[in-house]
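The values are calculated or read from the model by the stated rules, or taken from the named source; none is laboratory data. All values reported here derive from a predicted model rather than from experimental measurement. With ideal geometry, Cβ positions are generated from the backbone for all residues, glycine too; neighbour counts draw on all protein chains shown.
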Amino acid sequence: MTAKTTLAAPHSPKPTSARLEARMSHDLHLTVKRAAEIQGRTVTDFVVHSLQLAATQAIEQADQVRLSLADQEAFANALIAPAKPNAALKRAFAKANTLLSA
């Protein structure tokens, strides 16, 4: 009989959740509570879900604007100082001219 030996990888403890506390007006609390009830959620679940949607949307909008500005800058730079054609581009133009002139 042989003994089977397995070595477990060391575990790094990862927190499964974090706590967030927020102060809000009584009126806002009632509004959030009512909205959670309408959706059949707990107040915590409603708030966490809403925060996740808002955070994701804010990040996507920021990334979209940032990428858009970077793309605009790259385009403008290409117009101002276009790159010199490399050998592959020269061959492609020569082939296109041959095909078009035929």
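Some observations on this one:
- Qualifying position, being modelled with pLDDT under 95 and either of a type in the set (Phe, Trp, Tyr) or not in a loop (DSSP other than H, G, I, E, B) (or both), among ALA74, ALA58, ALA83, ALA54: ALA74
- Selection status of ARG41, without any contact (Cβ under 8 Å) to a residue 60 or more places away in the chain, surrounded by 12 or more Cβ atoms within 10 Å (Cβ to Cβ) and either part of a loop (DSSP other than H, G, I, E, B) or in contact with a strand residue (DSSP E or B) (Cβ under 8 Å, 6 or more places away or on another chain) (or both): yes
- Matching residues in segment 18-38 - criterion: being part of a loop (DSSP other than H, G, I, E, B) and small (Gly, Ala, Ser): ALA18, ALA22, SER25
- Matching residues, segment 15-38, being surrounded by fewer than 10 Cβ atoms within 10 Å (Cβ to Cβ) and among the polar types (S, T, N, Q): THR16, SER17, SER25
- Residues being free of Cβ contacts under 8 Å to residues at least 12 places away in the same chain and among the β-branched types (Val, Ile, Thr) - total across segment 24-38: 2
- Condition check for LYS90: surrounded by 10 or more Cβ atoms within 10 Å (Cβ to Cβ), at negative phi and not hydroxyl-bearing (Ser, Thr, Tyr): yes
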